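So the structure is just underneath, and the comments pick up after that.
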Amino acid sequence: MVHIQTDRLNIRDIEASDVEGIFVLDSDPEVLRYIGTPVMTQRAQAEQVIAHIRRQYQKNGIGRWAMELRSTGEFIGWTGLKWEQDIRPFPYYDLGYRLIRKYWGQGYATESARASLRHGFEVLGYPEICAAAEADNLASNRILRKIGMKQGEPFTFEGKVCNWYALKKEEA
């Protein structure tokens, strides 16, 4: 199911057929450099990730979405919102994105993040959407500032300094 269309992207539910794309994405150590999750070595791990995301859809009504090129239908990564309860001492709607490396630097993360914010506020009615990025992840921090998120106080998660961002619906 497509949730969002942008000029260049279809943003839809992640499906079992996305296993190869998820594997390519999460088997690249450079993609995971600031994430803290281990590099995938088997496609079965991608199947487990997909099952986890699909459970989030059922449990929370939200979860990360597949990002594909409108022109070709090619899976290029994931984007979107999820209900996050582990990173901070409070729950929040989290904005995130992750792209296969060959698609970096082409504006897809920014395009999908803007669309996800708009969907969260206008369609889902969320009062606030937040995001976190490792302080050293300059590209992700730049994207979050570019889309208008307000930077808050840094915090430490799993021994790494992270920047905190939030945007209220009325500020969007």
Within the stretch 92-99, is there a residue that is farther than 29 Å from Gly159 by Cβ, acidic (Asp, Glu) and buried (at least 16 other Cβ atoms within 10 Å of the Cβ)?
-> no
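Return yes when Ala115 is within 18 Å of Glu134 (Cβ to Cβ) and either in contact with a Phe, Trp or Tyr (Cβ under 7 Å, 6 or more places away or on another chain) or not acidic (Asp, Glu) (or both) and no when it is not.
Numbers: within 18 Å of Glu134 (Cβ to Cβ): no; either in contact with a Phe, Trp or Tyr (Cβ under 7 Å, 6 or more places away or on another chain) or not acidic (Asp, Glu) (or both): yes.
So Ala115 fails the test.
To keep it simple, each residue is scored yes or no on (1) outside any loop (DSSP other than H, G, I, E, B); (2) under 19 Å from Pro127 (Cβ atoms).
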site	(1), (2)
Thr41	no, no
Tyr57	yes, no
Gly73	no, no
Trp83	yes, yes
Phe90	no, yes
Leu95	yes, yes
May I ask you to list pairs of residues, at least six apart or on different chains, whose Cβ atoms are under 6 Å apart, with the first in the stretch 123-146 being surrounded by 19 or more Cβ atoms within 10 Å (Cβ to Cβ) and the second being polar (S, T, N, Q)?
-> Ala133/Ser140; Ala133/Asn141; Ala133/Asn163; Asn141/Asn163; Ile143/Thr110
Pairs returned, first residue in the stretch 25-40 that is within 20 Å of Asn163 (Cβ to Cβ), second residue that is hydrophobic (A, V, I, L, M, F, W, C) and assigned to a loop (DSSP other than H, G, I, E, B), beta-carbon separation under 9 angstrom, 6 or more apart or interchain, are Val31/Val39; Val31/Ile100; Val31/Trp104; Leu32/Val39; Leu32/Met40
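The numbers here are math on the coordinates, done by the rules we state, and not lab data. A quick note: this is a predicted structure, and the numbers were derived from the prediction, not measured. Every residue, glycine among them, receives a Cβ derived from its backbone with ideal geometry; neighbour counts consider all protein chains shown.
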